[in-house]
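First comes the structure, then the notes that go with it.
The values are calculated or read from the model by the stated rules, or taken from the named source; none is laboratory data. Keep in mind that what you see is a predicted model, and the values were worked out from it rather than measured. We place every Cβ from the backbone using ideal geometry, glycine too, and count neighbours over all the protein chains shown.
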Amino acid sequence: MASFVASWIDSYWITSRGRRVLAIWGVGPEFRQAEGKPMVGIKQRDLERRFKMSEVDDGELQFLLMQFFPSGRYVSAWELELGNEAAGLKVVYAKKSGRICELVPGVGLTEDLVAKIEREIEEKLGSPAVSKVARLILYAGLPVVGYWRYRDRIILRQVPAGAPQAPQLWADHPLVCEIQFDGANDPWVNMLRSRRESRQLALLLTLLVRSLRLPEASSQGWVLTPTLSAQESDSVASELRSEYAHFGYIAPSDLGDSDFLSKQGDLSSIILEPEPYGVSIGSTLTLREDIEGYIDAYFRLPDGERRKLLRAAYWLNVSKGAFRISRSASFQSLVQAVEALTVTPAGQPKCSECDRTIGIGPTKLFQEFISKYAPSAGGGDDERMYKMLYEKRSQLTHGNTLLEVDEEIGLTAPSPNQMAEDELHRKGSAICRDAILGWLRYHAVQERDD
């Protein structure tokens with residue numbers, strides 16, 4: 001395995017499903033498909049069946065294939081040629097779904113090698129699932145006190161006693177998120193499943209809990225030491241110094257066996273209540289009282305609809321993270337979250353001269369989506385605000401403007417326009433999130449009734 005990893009070059013390709021795949025280039029024999037001749041009697045459809053192409057996860061299948069074919073190259077955005085010193089295999093992806101749709105045998109692919117790969121796939125991907133638990137850190141906008149559990153699948157809990165805590169109310173407050181998933185006996189497959197399952201359900205939680213967000217990807221930067229949490233009340237600015245460090249949070253790992261969800265013990269339960277607006281001194285994180293119903297609704301969705309919802313949740317999470325560095329980028333991400341769920345009607349007429357679609361446009365699609373899934377009693381005022389949201393997003397996307405707060409940096413009082421933009425941003429954040437949750441409720445009911 002070590003030699004396989006060492007042959008990878010640090011270059012990545014993104015599939016339409018959002019999966020990052022490591023690209024490896026030109027370190028093996030050129031792939032050659034037989035010119036109209038079957039590979040030692042191995043037909044493509046038989047190969048796809050034996051390798052469980054339509055049954056197992058694409059990422060896991062590709063990972064195992066790369067252990068047998070450690071070199072390769074990308075022929076196009078949809079074709080990956082894998083090889084070793086003696087044999088080759090082409091992996092083809094469907095343009096619309098991004099799923100693996102073909103496994104084409106290449107020269108040198110023998111029955112012995114196919115049988116070996118088949119056994120590996122059966123052993124590591126086809127064996128009965130083993131219960132495992134992934135643990136990760138999320139950030140909340142308020143301190144987290146207590147424990148909450150969704151059936152035997154998800155836990156949110158405060159970090160263990162003695163773990164570092166933010167020294168102020170308005171901060172990124174860490175909490176532990178535990179996700180149960182169906183693991184495997186192979187540690188590498190477990191790692192893939194752990195990352196996939198934990199990220200998907202963590203994204204869902206950031207949609208359902210307004211102040212919850214994912215940590216940024218691992219990165220480095222300059223920090224001041226001693227940090228705020230380590231400073232004594234009588235420390236002075238002259239004692240500060242700069243250090244280059246990793247961003248991130250690590251909690252003590254005393255939460256029990258990694259194969260089981262942790263117990264509540266003597267922790268209090270995190271409060272469930274109608275979503276609050278605003279905070280006060282002493283506030284702690286609460287969860288919406290209907291959170292379990294929304295998670296049930298998510299699990300009733302078919303895979304394709306889940307992926308759409310998670311894309312919307314991703315953009316809402318981006319909006320939260322971008323808010324502190326660019327209000328304009330944060331605003332754009334709100335509308336993109338809704339656009340992840342909008343569907344252009346089929347069969348719209350086209351212009352006979354330029355062949356462009358003449359039917360309903362993106363602004364109207366956005367307005368209709370909001371009106372359907374987040375209706376209110378505001379009448380015409382609501383319609384005007386929906387239009388303003390999309391128009392402002394279009395101006396930002398095309399680079400015509402920035403929100404004033406991003407252009408006018410200083411200590412002057414905000415202008416009336418900046419105040420209006422801030423209010424539009426605040427309302428837009430609530431409306432877009434409510435509409436996405438409305439979409440989830442509607443589609444989950446449809447699936448249940450069907």
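Mind listing whichever residues of the stretch 72-91 are surrounded by fewer than 17 Cβ atoms within 10 Å (Cβ to Cβ) and among the hydrophobic types (A, V, I, L, M, F, W, C)?
V75, A77, W78, A86
Determine if the stretch 158-166 includes at least one residue that is touching a residue at least 40 places away in the same chain (Cβ under 8 Å), surrounded by 19 or more Cβ atoms within 10 Å (Cβ to Cβ) and among the small types (G, A, S).
No, the stretch 158-166 has no match at all.
Before we move on, is V107 of a type in the set (V, I, T) and assigned by TED's automatic domain parsing to the domain that holds F51?
Answer is yes for this residue.
Would a scan of the stretch 55-65 turn up a residue that is assigned to a strand (DSSP E or B), crowded, with 20+ Cβ neighbours inside 10 Å and not assigned by TED's automatic domain parsing to the domain that holds E197?
No: the stretch 55-65 contains no residue that is assigned to a strand (DSSP E or B), crowded, with 20+ Cβ neighbours inside 10 Å and not assigned by TED's automatic domain parsing to the domain that holds E197.
When A444 is evaluated against the numbered criteria (1) part of a loop (DSSP other than H, G, I, E, B); (2) at pLDDT below 90, which criterion, by number, is the only one it fails?
Answer for A444: the failing condition is (1).
I need every pair where a residue in the stretch 218-230 that is of a type outside the set (V, I, T) has its Cβ under 6 Å from the Cβ of a residue that is at pLDDT below 85, sequence separation at least 6 or different chains.
Pairs that qualify, where the first residue is of a type outside the set (V, I, T) and the partner is at pLDDT below 85, are L224/L240.
If I go through the stretch 319-341 residue by residue, how many of them are part of a helix (DSSP H, G or I) and either charged (D, E, K, R) or under 19 Å from K427 (Cβ atoms) (or both)?
16
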